[in-house]
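The values are calculated or read from the model by the stated rules, or taken from the named source; none is laboratory data. Just so it is clear, the model here is predicted, and its values are computed rather than measured. Every residue, glycine as well, gets a Cβ built from its backbone with ideal geometry; the counts of neighbours run over all protein chains shown.
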Amino acid sequence: HHISAQVFFEIVKETFTPITNQENINFTMDIEESYLWIEPDLMQTVFFNLLDNARKAIKTDGQISIIGRNTLQDYEVKIIDNGCGIDSQNLNKVREAFYMVDKSRSRNAGSAGLGLAITDQIIQLHHATMTIDSTLYIGTTITIHLKKGENIEKI
Ligand code: ATP
Ligand code: MG
């Protein structure tokens, strides 16, 4: 589907704001308009998983931001958190199914270590890319490159 970035991320924001409000996390979004070529329901799952991970990584004074920008070739989205971060040894394993850095995270009802594995599959389906940059105790930045669509209302 061709969908407006601002419409798509407004839904992401509406879905996630009640959760960040409840946990006193400062959640900000800055989305440059563009048209994206995505399957909206699947891509909502991606952003929900990534925001859920950011939320779980935060203890106090949490800050999560989503930034969306047009690039020459595609559309770049960054999800930035100031949570616990991931050390370099675990960083290349977190996309594996059932992999969790802190096994005690399974105390969080519903944590299975599947979020990033599912996210990775959906990203591949879209011929998109996702990179994870993280610094232990500082935070994590996820960068996603999405294919651009067209404003079909104008064709
Ligand atoms: P589920 O997503 O199935 O509820 P999960 O969140 O533990 O469980 P993944 O989303 O696959 O599983 O993430 C795997 C692991 O990667 C997490 O358990 C966590 O240790 C680490 N991780 C992922 N995102 C972040 C992040 N933003 N900050 C710190 N650690 C993270
Ligand atoms: Mg997860």
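Here are the numbers for the structure shown:
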{"quantity": "Cβ pairs under 9 Å, 6+ apart, first in the range 24-39 and closer than 15 Å to LEU51 by Cα, second among the β-branched types (Val, Ile, Thr) and surrounded by fewer than 16 Cβ atoms within 10 Å (Cβ to Cβ)", "calculated": "ASN24/THR60; ILE25/ILE19; PHE27/THR17; PHE27/ILE19"}
{"quantity": "Test: residue in the range 55-77 that is away from ligand 1 (no atom under 12 Å from the Cβ), among the small types (Gly, Ala, Ser) and in contact (Cβ under 8 Å) with a residue 12 or more places away in the chain", "calculated": "yes"}
{"quantity": "Residue match in the range 99-118 (condition: surrounded by 15 or more Cβ atoms within 10 Å (Cβ to Cβ), modelled with pLDDT of 90 or more, polar (S, T, N, Q) and in contact with a helix residue (DSSP H, G or I) (Cβ under 7 Å, 6 or more places away or on another chain))", "calculated": "no"}
{"quantity": "Given (1) within 12 Å of ligand 1 (Cβ to nearest atom); (2) part of a helix (DSSP H, G or I), number of the condition ILE123 does not satisfy", "calculated": "(1)"}
{"quantity": "The range 1-40: number of residues that are over 14 Å from ASN151 (Cα atoms) and not polar (S, T, N, Q)", "calculated": "18"}
{"quantity": "Identity of the residue in the range 128-155, among the basic types (Lys, Arg) and not in a strand (DSSP E or B), that ends up farthest from the chain's Cα centre (by Cα)", "calculated": "LYS154"}
{"quantity": "Sole exception among (1) touching a Ser or Thr at 6+ places or on another chain (Cβ under 6 Å); (2) more than 16 Å from ligand 1 (Cβ to nearest atom) for ASN24, by number", "calculated": "(1)"}
{"quantity": "Selected residue (only one of ILE152, ILE123, ILE67, ILE80 is among the β-branched types (Val, Ile, Thr) and touching a His at 6+ places or on another chain (Cβ under 6 Å))", "calculated": "ILE152"}
{"quantity": "Selected residue (only one of GLN73, GLN89 is surrounded by fewer than 16 Cβ atoms within 10 Å (Cβ to Cβ), under 30 Å from GLU150 (Cα atoms) and of a type outside the set (Lys, Arg))", "calculated": "GLN73"}
{"quantity": "For THR140: the one exception among (1) of a type outside the set (Gly, Ala, Ser); (2) out of contact with any Phe, Trp or Tyr (no Cβ under 8 Å at 6 or more places or on another chain); (3) exposed (fewer than 15 other Cβ atoms within 10 Å of the Cβ)", "calculated": "(3)"}
{"quantity": "Failed criterion for THR131 (all others in (1) at pLDDT 95 or above; (2) farther than 22 Å from LEU42 by Cβ; (3) surrounded by fewer than 12 Cβ atoms within 10 Å (Cβ to Cβ) hold)", "calculated": "(2)"}
